[in-house]
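Asker: Dropping the structure in here first, questions after.
The values are calculated or read from the model by the stated rules, or taken from the named source; none is laboratory data. Keep in mind it's a predicted model, so treat the numbers as computed, not measured. Positions of Cβ are generated from backbone atoms using ideal geometry, with glycine treated the same way; all protein chains shown enter the neighbour counts. Just the protein is used for accessible areas: all its heavy atoms, side chains included, with ligands, DNA and RNA removed. Shrake-Rupley method; radii C 1.70, N 1.55, O 1.52, S 1.80 Å.
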Amino acid sequence: MATNLQLDDRLIAEAAALGKHRTKKEAVTRALTDYISHLRQDRILDLFGKVEFDPAHDYKRQRARA
C-alpha cells in the first residue's frame, strides 16, 4: 500500500544508519514493527495483579499429561 508521509529526514537517516537498513522503507517498517511489539508488551503489563495465582497448582503433574 503506497502512502505519502511527511517524515523528518534526519530521523529517518539516523534510524537507517543505526539499524544498518539499506532503505528508508526498511527503517520505517522495522520502527513500526518494534513500536507494535512494545505496545503489545505494555498490554501484558496491565494483567499484573489481575491474574489469580493458585499456590496449590501442581504444574509438574499437568506437564506429565501432555
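Asker: What ³J(HN,Hα) values, in whole Hz, does the Karplus curve 6.51 cos²θ - 1.76 cosθ + 1.60 give for region 4-18 when θ = phi - 60°, with x put for Gly and Pro?
Answerer: 9, 10, 8, 10, 5, 4, 5, 5, 4, 4, 5, 4, 5, 5, 5
Asker: OK, next. For semi-axes √(5λ) of the Cα gyration tensor in Å, the choices are (1) 32, 10, 9; (2) 18, 13, 11; (3) 43, 15, 11; which was calculated from the structure?
Answerer: Answer label, from the structure shown: (3).
Asker: Restricting to DSSP loop positions (anything but H, G, I, E, B) with no more than 14 other Cβ atoms inside 10 Å of their own Cβ, which chymotrypsin sites (Phe, Trp or Tyr not before Pro) remain in the chain?
Answerer: For chymotrypsin sites (Phe, Trp or Tyr not before Pro) across the chain that sit outside H, G, I, E and B with at most 14 neighbouring Cβ atoms in 10 Å, the list reads Phe48, Phe53.
Asker: So how strong a dipole does region 3-42 carry about its Cα centre when Lys and Arg Cβ are +1 and Asp and Glu Cβ are -1, to the nearest 20 debye?
Answerer: Values: 7 positive and 6 negative charges, 41 e Å.
In total the dipole reaches around 200 debye.
Asker: If I compute solvent accessible area with a 1.4 Å probe over the protein chains, what percent of it on the chain is carbon and sulfur? Before the final figure, lay out each step's value.
Answerer: Details: 3900 of 6950 Å².
Here carbon and sulfur together make up 56 percent of the probe-accessible area.
Asker: Where does each of Arg10, Arg40, Arg30 land when they are ordered by accessible area, with a 1.4 Å probe and the largest first?
Answerer: Working: Arg10 180, Arg40 155, Arg30 125 Å².
So, going from the largest accessible area down, we get Arg10, Arg40, Arg30.
Asker: Solvent-accessible area per residue for the chain at a 1.4 Å probe radius, Å²? Please report the intermediate quantities before stating the final value.
Answerer: Values: 6950 Å² over 66 residues.
Per residue, the chain has an accessible area of 105 Å².
Asker: Let me ask something additional. Mind listing the phi-derived Karplus ³J(HN,Hα) values for region 51-56, rounded to whole Hz, using 6.51, -1.76 and 1.60 with θ = phi - 60°, and x for any glycine or proline?
Answerer: 8, 7, 9, 9, x, 8
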